[in-house]
Every structure is written in C-alpha cells, then in structure tokens.
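Inspection log for the structure reproduced underneath, given as structure tokens.
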Amino acid sequence: MKVRVPATTANLGPGFDVFGAALSLYNEFEVEYVPKVKKTHFTLKGFGKKSLPKGEKNLFWQSMQKIFNVLGEDKYNLKNLNIIINTGIPLSGGMGSSASAIVGGVVLANALCKNKLDKTQITNLAVKIEGHPDNIIPAIYGGICICSKNGNHVTVAQLPVPKLKIVLCVPDFELRTKLSRQILPKYVDFKDFVFNTSRVAFLTAAFCSSDFSLLKIGMQDKVHQPYRGKMIPLMDEVLEAALLSGAHGACLSGSGPTLAAFCSAKDAVNVQRNMIKKWKRNSVRANAYILNFDAKGAVII
C-alpha cells in the first residue's frame with residue numbers, strides 16, 4: 001500500500017494554530033507486508049535520505065505503531081514490513097514535513113487494519129501525536145482548513161479552494177519548531193489581540209468572497225511573526241518584496257523559516273524571482289517553489 005500526503009502551510013499569517021492549507025508538493029509512504037522473509041528493508045529517498053532515522057526512531061513508523069496499539073493489532077512490525085519513504089517536502093521547516101509523516105503513518109496503518117477508524121478518528125489521533133492541528137488537518141482533508149482543538153477532539157471547517165498560486169521561498173538554514181515556539185510570548189497585548197482578530201476576519205472574507213485584494217491586510221500578524229522574525233534574516237523585507245512584485249498577501253509559513261506568498265498565475269514567477277533576489281543580495285541562499293493548492297489531502301494511491 002502507498003499513500004501520498006501533501007505539504008502544508010500553517011497559520012496563513014494571523015490564524016495561529018487555526019488556519020492551514022494543503023499544497024501540491026508531496027511525501028509518499030509505501031509499506032509491503034512480507035511475513036515469510038528473513039530480512040525487510042527500510043528505504044529513504046529524497047530529502048533527508050541520509051539524515052532521517054530508520055526503524056524505531058522514524059516518525060512515520062512511530063505513528064503507524066501507535067495506531068496498531070490503539071487497534072490492538074500485533075500482526076505488523078518492523079520485521080515483516082518493507083517500508084519506503086520518498087520525501088519530496090523539504091525538511092527545513094514551515095512546510096509540514098513532520099505532519100506529513102504522522103498522517104502517512106496513521107493513514108497507512110489504518111488501511112492495513114481494514115480501515116477500522118473513520119476520518120474523524122484518524123484526525124483526532126494524528127493531532128494527538130503532533131500536538132497541534134494546523135498542519136495535520138489540511139494534510140488529511142486538503143484545501144484550506146480552519147480547525148479548533150478541544151481536548152482530544154478537533155473540529156474542522158473547509159473554505160473554498162482559490163485559483164491562486166502559492167510561492168514558497170525556502171532559505172538554506174533551519175529553524176526548529178520547538179525553538180520557534182519557545183520564543184513566543186506567554187501573554188498578548190490586548191491591542192495585538194484585536195489587530196489579529198480583525199485580520200483573521202479579512203483572511204476568511206478573502207477566501208469566501210474570492211476578493212483576494214483583502215489578503216494584503218488579511219495575512220498581517222502581530223502574535224507570532226514579529227517574534228519569529230528575529231530569527232529569520234530579512235523576513236519583513238522578503239515579504240515586502242513579494243507584495244511589491246504582485247502578491248496579494250505574504251506571510252511566514254508555519255513556524256518558518258519558509259515564507260509564503262499568495263498570487264495570481266501571471267505574477268508567480270516575478271514574485272518567486274524577487275523573493276529569492278532579496279535574500280541573495282544579503283548572502284542568504286534560497287530555493288522557491290510555485291505550487292497549487294492540493295484539494296484532496298492524503299490519498300491511498
């Protein structure tokens with residue numbers, strides 16, 4: 001069995017731990033049950049093929065194992081499964097690579113167990129493993145998602161999928177999600193709270209009405225980006241370069257350091273070029289992807 005799981009961008013600016021979108025860049029996970037052979041293989045391809053762990057410490061396998069435990073299934077283990085992971089999502093942060101591994105493990109383990117869990121149960125278990133839902137939800141559902149976590153239960157709503165391109169600009173340095181969360185303030189100023197509430201309203205209105213001119217204001221944020229930006233050289237300048245190049249809106253992708261810009265197809269190449277150029281002029285190398293929204297989420301293929 002093989003599952004394809006999309007990359008994701010979380011928060012979309014002000015929607016911290018609430019908004020997420022699935023993108024047309026993928027990790028693929030494959031398992032083959034081979035009970036009678038003496039040795040199986042754990043194969044890594046693509047990004048992280050030399051750095052990601054094999055076996056017990058691999059996040060994909062750990063996620064599979066948790067589902068086997070929940071379902072009381074002891075038939076499958078590392079000794080009788082061939083596992084192939086083809087990582088097409090960069091590991092540098094902000095594109096949901098870890099969430100993809102969790103979703104891939106949960107979905108494939110459930111499929112091996114005859115799909116005993118429904119989509120809601122899969123979602124809740126995957127979020128429990130990850131800790132927060134904004135990357136997990138779009139990786140499962142696809143499109144643009146709003147999510148709310150209440151204890152161990154997650155509520156999901158989906159917004160219309162816009163006909164836009166997403167430019168993801170990925171610098172060649174890493175920013176660990178744990179560190180990126182630790183730098184955030186414990187308390188938010190009331191004015192910043194009101195600021196973000198208004199921006200979330202504009203963000204939602206932009207997608208519901210297809211008035212993408214609202215994204216410029218709707219993707220502004222004062223809750224997490226100013227603090228994370230201190231660890232990302234020229235973040236504000238690169239985001240501004242995207243807007244000046246025709247992007248409707250631009251923001252930090254997830255916890256960073258990847259930056260995301262939402263634009264029309266005709267402006268995408270120009271946005272991509274100028275985001276890279278802004279960093280390059282300041283000795284920061286970066287790659288950039290021009291992507292579509294993925295509308296399907298995790299799919300068995």
Original post:
In region 77-91, what residues are buried (at least 19 other Cβ atoms within 10 Å of the Cβ) and either of a type in the set (A, V, I, L, M) or more than 11 Å from the chain's Cα centre (by Cα) (or both)?
Top reply: LEU81, ILE83, ILE85, THR87, ILE89
Original post:
Out of (1) within 20 Å of ASP172 (Cα to Cα); (2) polar (S, T, N, Q); (3) assigned to a helix (DSSP H, G or I), the odd one out for THR204 is which?
Top reply: (1)
Subject >> Total residues in region 12-58, condition within 18 Å of the chain's Cα centre (by Cα), modelled with pLDDT under 95 and either in a strand (DSSP E or B) or among the small types (Gly, Ala, Ser) (or both) >> reply: 2
Original post:
Only one of (1) in a helix (DSSP H, G or I); (2) surrounded by fewer than 14 Cβ atoms within 10 Å (Cβ to Cβ); (3) at pLDDT 95 or above fails for LYS178. Which number is that?
Top reply: (3)
Original post:
Looking at region 255-276, which of the residues that are surrounded by 22 or more Cβ atoms within 10 Å (Cβ to Cβ) and farther than 15 Å from LYS165 by Cβ is farthest from the chain's Cα centre (by Cα)?
Top reply: PRO257
Original post:
In region 225-253, how many residues are among the hydrophobic types (A, V, I, L, M, F, W, C) and either over 16 Å from ALA288 (Cα atoms) or assigned to a loop (DSSP other than H, G, I, E, B) (or both)?
Top reply: 5
Original post:
Right, ARG228: at pLDDT 95 or above and surrounded by 17 or more Cβ atoms within 10 Å (Cβ to Cβ) or not?
Top reply: no
**OP:** Select, from LYS277, LYS222, the only residue that is in a helix (DSSP H, G or I), touching a residue at least 12 places away in the same chain (Cβ under 8 Å) and more than 24 Å from ALA126 (Cβ to Cβ).
**Re:** LYS277
**OP:** Filter region 190-231 down to residues that are within 22 Å of the chain's Cα centre (by Cα) and among the β-branched types (Val, Ile, Thr) and give me whichever is farthest from ILE144 (Cα to Cα).
**Re:** VAL223
**OP:** Pairs only if they're at least six apart or on different chains, beta carbon under 9 angstrom, first in region 17-40 and free of Cβ contacts under 8 Å to residues at least 40 places away in the same chain, second among the aromatic types (Phe, Trp, Tyr) and surrounded by fewer than 18 Cβ atoms within 10 Å (Cβ to Cβ); list them, first residue then second.
**Re:** none
Original post:
Which of the residues that make up region 2-56 are on the phi > 0 side of the Ramachandran plot and either aliphatic (A, V, I, L, M) or surrounded by 14 or more Cβ atoms within 10 Å (Cβ to Cβ) (or both)?
Top reply: ASN11, LEU12, GLY13, ASP17, GLY46, GLY48
**OP:** Looking at (1) modelled with pLDDT of 95 or more; (2) assigned to a helix (DSSP H, G or I); (3) surrounded by fewer than 22 Cβ atoms within 10 Å (Cβ to Cβ), find the lone condition where TRP61 falls short.
**Re:** (3)
Original post:
When you go through LEU203, LEU215, LEU252 one by one, which is the residue that is crowded, with 21+ Cβ neighbours inside 10 Å, in contact with a His (Cβ under 7 Å, 6 or more places away or on another chain), in the same structural domain as PHE173 (by TED's automatic domain parsing) and aliphatic (A, V, I, L, M)?
Top reply: LEU215
Original post:
Scanning region 141-155 for residues that are under 16 Å from the mean Cα position of the chain (by Cα) and in a strand (DSSP E or B), which turns out farthest from LEU239 (Cα to Cα)?
Top reply: CYS147
**OP:** Assess whether ALA109 counts as being more than 21 Å from ASP294 (Cβ to Cβ), aliphatic (A, V, I, L, M) and crowded, with 24+ Cβ neighbours inside 10 Å.
**Re:** yes
**OP:** Hey, can you tell me all the residues within region 121-143 that are farther than 13 Å from ASP17 by Cα and either assigned by TED's automatic domain parsing to the domain that holds SER210 or touching a residue at least 12 places away in the same chain (Cβ under 8 Å) (or both)?
**Re:** ILE122, THR123, ASN124, LEU125, ALA126, LYS128, ILE129, ALA139, ILE140, TYR141, GLY142, GLY143
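The values are calculated or read from the model by the stated rules, or taken from the named source; none is laboratory data. Just so you know, these numbers come straight off a predicted model, no measurement behind them. Here the Cβ is made from the backbone with ideal geometry for all residues, glycine too, and neighbour counts use every protein chain on show.
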